[in-house]
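K.L.:
Below are the structure tokens for one structure; questions will follow.
Just so it is clear, none of the values below were taken in a lab; they were calculated from the coordinates. Because the structure is predicted, anything quoted here is derived from the model rather than measured. When we count neighbours, we look across all protein chains shown, and the Cβ atoms used for this are built from the backbone with ideal geometry, even at glycine.
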Amino acid sequence: MYECSKCVISPNWSVWSLGDGQPPEEIDKQIDTPPLSILLIEKPQSGSINVGGDITFTAKVEAKDLLRKPTIKWFKGKWMDLASKTGKHLQLKESFDRFTKIHTFEMHIIKAKENYAGNYRCEVTYKDKFDSCSFDLEVKGFEGQDDAGELDFSGLLKHRPILSYFLSFFILIPEVDVWEILKNARPDEYEKIAFMYGITDLRGLLRRLKNQKGREKELEPAYQVDKGGKIRLVVDLADPTVELKWYKNGQEIRPTPKYIFEHKGTQRIMVINNCQINDDAAYSVSAGEEKCTTELFVKELPVNIVKHLEPVKTTVNERIELECEVSEEGAKVKWMKNGVEVPTGVRSRYRVKSEGTKHWLIIDDATKDDTGTYSLMATGGTTEAKVQVERTIILLFEMLLGQPLKLNCEIYPGNIPGRWYKNGQLIQPSERLTIIHRTKNHSLDIESSTIHDAGDYTFVPEGYTQTLSAKVHIIDPPRVHLEALNVQDNTVVIVAGNKLRLEIPISGEPAPRVVWMKGERVILDSGNRVRAETFADHTCLTIDIAEREDTGNYKIVLQNEAGEDTASVKIKVVDIPDAPEAPLVTDVGGDWCTMTWEPPRYDGGSPILGYFIERKKKQSSRWMRLNFDLCKETTFEPKKMIEGVPYEVRIFAVNAIGVSKPSEPSKPFLPLGDEPTMLVVDDVTDTTVTMKWRPPDTIGAAGLDGYQVEYCIEGTDEWILANKELIEKTRYTITGLPVEAKLLVRVKAINAAGASPPRTTQHSILVKEVIEPPKIRIPRHLKQTFIRKVGELQNVFFIMFIRKAERKHSGKYELSVQVENHIDTAMLDIQIVDLPGPPQAVKIEEVWGNNVALDWNPPKDNGNAPIIGYTIQKADKKTMEWYTCIEHYHRTCITISDLVVGNEYFFRIYSENMVGLSESATATKDSALIVKEGKALLQYNDRDFTEPPIFTQPLINTFAVAGYNATLNCSVRANPRPKVIWMKNKITIIDDPRYRMFSNQGVCTLEIRKPCPFDGGVYTCKAVNDLGEAQVDCKLEVKG
């Protein structure tokens, strides 16, 4: 029994909290923490302090891969959250370092008491990641228990006396399994059981009980599966509607061909197919608020020996091949000789080869030292075999390929026949192979040796058991056949990121040893990305993923007994170019700028073909391409920008491989309107200066609101505003200036974007009226004879009036102007003109057919002006109505044709000068009769009004603002009515809702609804009818 001042507690009784916390089973249960990603880079460490002391626990989280701040919780024991206990004894702080990107979380315990001692826990969560750390606090010494403190467990318990009036913190109950009672009880008995055992949190109890029943069958603590096998993880749910999620090392698993989810009634099954080593991990499953975890162990199967090594017995200089087969492809094995691992390096005599499940150990030229016991070791067993190499007395002949081969032997006594054998096969004579037997000499001659002539030759004399043997070895110097590459200068070009497999034919006997080298580095056949392989008739260099560093010269070295050969191959890896440096904006205008840049430092191994330019507003994140055809130069002039809006530009470099990454954006720049032009002094007085100028060369989309005039008196730096309000005119007078002061004047153009750069006078202006000698400037038309009509009012620049001018007023006039002592004169020649008189002596010279010849004399009075022509009229004698035959006729004789046969005509003539026609006309005294001569009347055809299309009003180049409708107009004349076709950039516009087309009385209209910069281009209107076609073009620019 243990006694305290509050109550008596027996070891056979258990203590339950009467508060709203968790049930005892929840408290005693080990917290199931899913094995999620580690977040803490510095964990709180256990500490020890004296009573009344202070201590700080620190946790740090790295935020480089986190988009927001993680969530942290501090606990005492297993369930008490300390966030609600902060006060004078407990403080929680957090901070963030922007340079190291580390979150720091601190828990400060101030004036610790003895009951603060215990186990603490820190939990950090971020989305699906979780990490936790436990640490202990030891408090030494004792100061009494008057103040339990804020971290006292008993402070969380409700006061409810049950056994006695003084029991205020605990209730004593027998040690029973309440959860088993609740699970087996009916729902209507829950409240009775809770009251019986002193459970006040009935709602939490029911929620806990529901979660306990939600999952009936849990995962085993661990599972094991063979590598390549399949496993099923099964859980059984009481409530099939609960959402279930599977996790691997804290990461949620999605359905794939490897992970298959199945539902069978209340069972939820996850099948893992083809288990590999990376599937060896911790798995967890969550159903609502419940979780359970397990571990999967993947067992690798042993590699067994399928085909064992076989003993080999051979002779010196023969080839030895030891072959073995194992149960798994790509298995790692080890070759041993007499218990020592066989060296398989580049310079070793031993070569190891594997293909699928088969493995070989190859010795090309066996020696006596190669005798021994060879073995292959795998994880599932070992196989071994003995190799015996013996010496033989055999004549060895080495012949170069293509050389004649001659084998001779002498047999005693002579004239004994015999037979020649090759590799045990009888040799028969042929055209290139001759067998000769002369008495005791036997010879075998081969005209030109080939590779197939190599082998073991034996001569067997008849009637004797002895034989003569010789070994013929045909050797051929090695050679690299680079011509098979069929590339210029033996240079192979490959795009970065692609796979290169370079196969080069080789020849030589025996098979040459091949070494690939780049510089001083030997390329091995066991390389990962770059490797060299050699086969019977070719060698191969493989680069899985080509990189820039692979560019260079590769050397091939071939060696065998007959000699050595070398060759070089150049590999050039081309790639997209590097990004150019940030462009430099050198000049800025109203809606344009000039930008330059340097080519990229690395062109990717391929010449730069051009550049793409993009632009964006500084506040925006959307880049807009400015050129669709490559820019060949390193300078460009973007246009169609809005004044007063800051912009940025960037560059892409392009070569034959592709487009580089974008350059860094340029420094922001602000387009402003152009300055006014042609600023000059118009007038100067003692107190005023009048300036005039012309508008800017280009006016942007923001328009022009007016001008601002400023002046600065020489010797000062202050610019004074002359006009308080903007002026629209291009002329302004500055008043109130001091006499004989010198000043500079400048003018700015103002619009919604702001003020343009100023236009300033080049020289200072002296404020003083300048007396200039008079100068009469006679207009060009007055320097000649000044001609006016009679009676016309004249107003010359010097204001001289001649009212009702008469001919007598004609003559030379002298004009004199005097200013003080300065005089200037000028002469004016004035000529007063009047209507001319009628012509004289008009007569009919001849009449023939339907033609009449007339003749006359000029008028006596020409009206003081030259006669410029005559007007001839005719009249039928029957009606005497006059009709004009011809006007402005210059000669004094004419033939009138096409007169009507049978009619009789009179004629009259008017004279004409610069004033007009004469007041009267002179008529012929006689008439002309047109006599009928029996000719048929002419037939007249109806006029043909048809005509091909002609544009009477062309299209006009237009500027439009993005987002506002724009229209294009033109007019066409044609008969029959033409068909009108609209095109953009030579492409016909058909059924596009952004365009509307109208045609009314020959006026053709195209409406573009809310255009954007991409709607800019060349628009064409084409009219077609049966007689022909016509078209007009215009350019539309849309400023965004």
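K.L.:
Just the projected area, averaged over all directions, of the convex hull on the alpha carbon atoms of the chain: how many nm²?
P.N.:
For the chain, averaging the hull's shadow over all directions gives 106.7 nm².
K.L.:
Rank 839, 827, 813 by how far each Cα sits towards the positive end of the charge dipole of the stretch 810-865 (+1 on Lys, Arg Cβ; -1 on Asp, Glu Cβ) and give me just the farthest.
P.N.:
Ranked along the dipole, the leading option is 839.
K.L.:
Identify, among 624, 488, 234, the residue whose Cα sits farthest towards the positive end of the charge dipole of the chain, taking +1 on the Cβ of Lys and Arg and -1 on the Cβ of Asp and Glu, with the dipole about the Cα centre.
P.N.:
Among 624, 488, 234, the one farthest towards the positive end of the dipole of the chain is 624.
K.L.:
Now a separate question. Looking at 638, 896, 726, which one has the Cα that reaches farthest to the positive end of the dipole of the chain (charges on Cβ: Lys, Arg +1; Asp, Glu -1)?
P.N.:
896
K.L.:
Right, next: Determine ³J(HN,Hα), in whole Hz, for all residues of the stretch 583-596 in sequence, where each value follows from phi through the Karplus function 6.51 cos²θ - 1.76 cosθ + 1.60 and θ = phi - 60°; x replaces Gly and Pro.
P.N.:
3J(HN,Hα) across the stretch 583-596, in whole Hz: x, 10, 8, 8, 8, 10, x, x, 9, 8, 8, 10, 10, 10.
K.L.:
Going through the cross-link list 874/925; 632/984; 843/874, which pairs have a Cα-Cα distance over 19 Å in this structure? Walk me through the intermediate numbers first.
P.N.:
Numbers: 874/925 13 Å; 632/984 26 Å; 843/874 13 Å.
Checking Cα-Cα distances, 632/984 exceed 19 Å.
K.L.:
Kindly give Rg over Rh for the stretch 833-947, based on alpha-carbon atoms, with the Kirkwood expression for the hydrodynamic radius. Let's see the in-between values first.
P.N.:
Numbers: Rg = 16.4 Å, Rh = 15.4 Å.
Over the Cα atoms of the stretch 833-947, Rg/Rh equals 1.06.
K.L.:
Under 5 Å between amide H atoms, partner at least 5 residues away or on a different chain: which partners does residue 418 have, H built in plane at 1.01 Å?
P.N.:
462
K.L.:
Calculated FRET efficiency, residue 45 and residue 129, Cβ-Cβ r, R0 30 Å, to nearest 0.05?
P.N.:
Numbers: r = 22 Å, r/R0 = 0.75.
Efficiency, from the Cβ-Cβ distance: 0.85.
K.L.:
Let me ask something else. If you average the C-alpha positions of the stretch 45-73 and of the stretch 517-581 separately, how far apart do those two centres end up, in angstrom?
P.N.:
Taking the Cα centre of each part, the stretch 45-73 and the stretch 517-581 sit 55 Å apart.
K.L.:
Tell me the label-point distance for the pair residue 278, residue 218, using the 7 Å Cα-to-Cβ offset, in nm and rounded to one decimal.
P.N.:
The two pseudo-label positions are separated by 3.1 nm.
K.L.:
Next question. Apply the Karplus parameterisation 6.51 cos²θ - 1.76 cosθ + 1.60, with θ equal to phi minus 60°, to every residue of the stretch 822-837 and state each ³J(HN,Hα) to the nearest whole Hz, in sequence, with x for glycine and proline.
P.N.:
9, 10, 9, 10, 8, 10, 10, 10, 10, 10, 9, 10, 9, 5, x, x
K.L.:
A 19 angstrom limit on the alpha carbon distance is what I want to check against. Which of 85/127; 616/667; 43/140; 422/471; 313/386 exceed it? The partial results should precede the final answer.
P.N.:
Numbers: 85/127 26 Å; 616/667 12 Å; 43/140 23 Å; 422/471 10 Å; 313/386 8 Å.
In this structure, 85/127; 43/140 lie more than 19 Å apart at Cα.
K.L.:
Amide H of residue 525 versus every other amide H placed in the peptide plane: which residues, excluding those fewer than 5 positions away on the same chain, fall under 5 Å?
P.N.:
Hits under the 5 Å cutoff: 532.
K.L.:
Right, next: Could you give the nm distance between label points at residue 637 and residue 256, where each point is 7 Å from its Cα heading toward the beta carbon?
P.N.:
Placing both labels 7 Å along Cα→Cβ, they lie 5.6 nm apart.
K.L.:
Pop a pseudo-label 7 angstrom from the Cα along the beta-carbon direction at both residue 687 and residue 775 and give the gap in nm to one decimal.
P.N.:
Taking the simple label geometry, residue 687 and residue 775 are separated by 2.9 nm.
K.L.:
In terms of modelled amide H atoms, which long-range or inter-chain residues lie less than 5 Å from the amide H of residue 113?
P.N.:
The list, which skips near neighbours in sequence, is 52.
K.L.:
Treat every Asp and Glu Cβ in the stretch 287-436 as -1 and every Lys and Arg Cβ as +1, leave all other atoms uncharged, and give the resulting dipole magnitude about the Cα centre to the nearest 20 debye. Working shown, then result.
P.N.:
Working: 20 positive and 22 negative charges, 149 e Å.
Charge dipole of the stretch 287-436: 720 debye, to the nearest 20.
K.L.:
Another question, if that's okay. Can you give the helix-only mean residue ellipticity at 222 nm for the chain, where every DSSP H stretch with n ≥ 4 adds -39500 (n - 2.57) and the sum goes over all residues, rounded to the nearest 500 deg cm²/dmol? Mind dumping the intermediate values first?
P.N.:
Working: 5 runs with 36 residues, N = 1040.
Taken over the chain, the calculation gives -1000 deg cm²/dmol.
K.L.:
Hey, another quick one. Determine the sum of side-chain charges near residue 638: Lys and Arg each +1, Asp and Glu each -1, restricted to other residues whose C-beta is under 13 angstrom from that of residue 638.
P.N.:
Working: positive: 615, 616, 617, 625, 639, 640, 650, 1039; negative: 587, 591, 614, 637, 648, 1037.
My count for the surroundings of residue 638 gives +2.
K.L.:
Give me the extension gain from residue 91 to residue 403: residue separation times 0.36 nm, minus the current Cα-Cα distance, reported in nm with one decimal. It would help to have the intermediate numbers written out before the result.
P.N.:
Working: separation 312, 0.36 × 312 = 112.32 nm, distance 9.92 nm.
Net length gain for the segment: 102.4 nm.
K.L.:
If you put +1 on each Lys and Arg Cβ and -1 on each Asp and Glu Cβ, how big is the dipole of the stretch 518-572 around its Cα centre, in Debye rounded to 20? Show your work: numbers first, answer last.
P.N.:
Numbers: 8 positive and 11 negative charges, 71 e Å.
Roughly 340 debye, rounded to the nearest 20.
K.L.:
For residue 925 and residue 352, compute 0.36 nm times the residue count separating them, minus their Cα-Cα distance, and round to one decimal in nm.
P.N.:
Values: separation 573, 0.36 × 573 = 206.28 nm, distance 13.64 nm.
Additional length available on full extension: 192.6 nm.
K.L.:
Placing +1 at every Lys and Arg Cβ and -1 at every Asp and Glu Cβ, with all other atoms neutral, what dipole size does the chain have around its Cα centre, in debye to the nearest 20?
P.N.:
On the way: 134 positive and 147 negative charges, 377 e Å.
Computed about the Cα centre, the dipole is about 1820 debye.
K.L.:
Something else about it: Could you work out how much longer the chain between residue 503 and residue 482 gets when fully extended? Use 0.36 nm per residue separation minus the Cα distance between them, nm to one decimal. Display every interim value, and only then the final one.
P.N.:
Working: separation 21, 0.36 × 21 = 7.56 nm, distance 0.97 nm.
Value of the extension gain: 6.6 nm.
K.L.:
Work out the FRET efficiency for residue 186 and residue 244 from their Cβ-Cβ distance, taking R0 = 35 Å, and round it to the nearest 0.05. Provide the component values of the computation, followed by the final result.
P.N.:
Numbers: r = 29 Å, r/R0 = 0.82.
Computed FRET efficiency for residue 186 and residue 244: 0.75.
K.L.:
Another question about this same structure. What angle do you read, to the nearest 10 degrees and between 0 and 90, between the alpha-carbon axis of helix 202-214 and the longest principal axis of the chain?
P.N.:
Roughly 80 degrees, rounded to the nearest 10.
K.L.:
Something else about it: Restricting attention to the stretch 440-509, which chymotrypsin sites (Phe, Trp or Tyr not before Pro) occupy a DSSP loop and are surrounded by at most 15 other Cβ atoms within 10 Å?
P.N.:
Numbers: sites: 457, 459, 464; in loops: 464.
Passing sites in the stretch 440-509 are 464.
K.L.:
Which ³J(HN,Hα) values, rounded to whole Hz and listed in residue order, are derived for the stretch 354-364 from phi using the Karplus coefficients 6.51, -1.76 and 1.60 in 6.51 cos²θ - 1.76 cosθ + 1.60 with θ = phi - 60°, glycine and proline given as x?
P.N.:
9, 8, x, 9, 9, 9, 10, 10, 10, 10, 5
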